[in-house]
Amino acid sequence: MSERLRLGVNIDHVATIRNARGGDHPDPVRAAEIVAAVGGDGITAHLREDRRHIRDADLKRIQSATDLPLNLEMAATEEMLAIALAHKPHAACIVPEKREERTTEGGLDAAGLHNTLVPIVGRLRDDGIRVSLFIEASERQLEAAHRLGAPVVEFHTGEYAHAGLDGDTEREGRELERIAIMSAAARSLGIEPHAGHGLTYENVRPIAAISELAELNIGHYLVGEAVFVGLEVAVRRMRELMDEARA
Ligand code: PXP
């Protein structure tokens with residue numbers, strides 16, 4: 001299995017910079033247009049409860065600006081479900097969300113939240129929205145995703161990325177292996193595995209080399225690099241590194 005690995009670009013942090021001044025620049029819609037122009041495969045955006053980056057009005061604008069599929073990251077709440085059903089994004093990735101966290105720390109407890117997730121996953125699926133669950137690469141969580149009938153899981157690569165930043169190559173290797181094993185396990189259950197969080201030019205290759213993965217979602221690093229080289233160059237470089245890893 002070595003299909004082309006898709007790159008979904010998370011444009012949240014373009015909106016974070018915009019919101020720092022409360023105006024409308026830089027516009028995440030312009031970022032989405034650039035991603036489309038340089039061959040990105042999708043736009044990912046997380047509408048948080050506190051609207052700290054993407055806002056409600058951005059969703060429609062992003063959807064009408066490009067033909068790229070929108071992957072809406074959302075908490076498992078009635079409010080977010082109603083927004084997803086109203087906007088009908090291509091995919092909805094259910095993520096855990098805590099108000100005080102700086103970013104999505106850790107995966108969704110799909111096993112512990114089974115009863116909460118059943119109606120949400122069901123209603124999204126009934127409306128033709130592809131459901132993805134952002135989980136840790138563990139057997140327990142993958143089995144829970146399978147029981148919920150999720151067609152996609154996204155494995156949280158945060159621990160892998162942190163281990164690399166800590167210079168702990170043993171832990172980094174263990175995390176990588178865990179993601180590779182669970183990606184193969186997902187395929188054997190008929191679930192499409194994706195991965196994301198904390199991926200950079202430095203750490204993307206071993207993850208991209210996992211042949212079972214269908215998609216990576218990358219945001220913060222690309223927006224950070226864009227400050228220096230422009231979003232177009234940053235996305236192209238990430239694409240090259242992913243293609244090299246798959247070659
Ligand atoms: N995938 C999911 C489900 C996320 O919630 C995020 C953002 O937290 C990302 C990917 C992108 O992570 P990053 O911004 O660290 O690249």
Give just the number: which of (1) more than 24 Å from residue 9 (Cβ to Cβ); (2) within 16 Å of the ligand (Cβ to nearest atom); (3) touching a Leu at 6+ places or on another chain (Cβ under 9 Å); (4) not hydrophobic (A, V, I, L, M, F, W, C) does residue 109 not satisfy? (3)
Does at least one position in region 126-144 carry a residue that is without any contact (Cβ under 8 Å) to a residue 60 or more places away in the chain, assigned to a helix (DSSP H, G or I), over 27 Å from residue 80 (Cβ atoms) and among the basic types (Lys, Arg)? no
Could you say which residue among 195, 247, 163, 144 is among the hydrophobic types (A, V, I, L, M, F, W, C), within 30 Å of residue 33 (Cβ to Cβ) and at pLDDT 95 or above? 195
Which of the following residues is under 18 Å from the mean Cα position of the chain (by Cα) and within 16 Å of the ligand (Cβ to nearest atom): 202, 192? 192
Touching a residue at least 12 places away in the same chain (Cβ under 8 Å), over 29 Å from residue 115 (Cβ atoms), open to solvent by less than 40 Å² (accessible area, probe 1.4 Å) and within 13 Å of the ligand (Cβ to nearest atom) - does that describe any residue in region 44-67? yes
Of the criteria (1) assigned to a helix (DSSP H, G or I); (2) free of Cβ contacts under 8 Å to residues at least 12 places away in the same chain, which one residue 167 fails: (1)
Quick one: count up the residues across region 169-197 that are open to solvent by 60 Å² or more (accessible area, probe 1.4 Å) and either touching a Gly at 6+ places or on another chain (Cβ under 6 Å) or not basic (Lys, Arg) (or both). 7
Yes or no: residue 205 assigned to a helix (DSSP H, G or I), open to solvent by 50 Å² or more (accessible area, probe 1.4 Å) and either closer than 21 Å to residue 162 by Cα or not hydroxyl-bearing (Ser, Thr, Tyr) (or both)? yes
Taking residue 223, is it within 12 Å of the ligand (Cβ to nearest atom), crowded, with 20+ Cβ neighbours inside 10 Å, more than 23 Å from residue 3 (Cβ to Cβ) and not polar (S, T, N, Q)? yes
Yes/no for residue 154 being open to solvent by 30 Å² or more (accessible area, probe 1.4 Å) and either polar (S, T, N, Q) or touching a His at 6+ places or on another chain (Cβ under 8 Å) (or both): no
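The values are calculated or read from the model by the stated rules, or taken from the named source; none is laboratory data. From a predicted model like this one, the values you see are computed outputs, not experimental measurements. Positions of Cβ are generated from backbone atoms using ideal geometry, with glycine treated the same way; all protein chains shown enter the neighbour counts. Note: areas computed on protein heavy atoms with side chains; ligands, DNA, RNA excluded. Shrake-Rupley method; radii C 1.70, N 1.55, O 1.52, S 1.80 Å.
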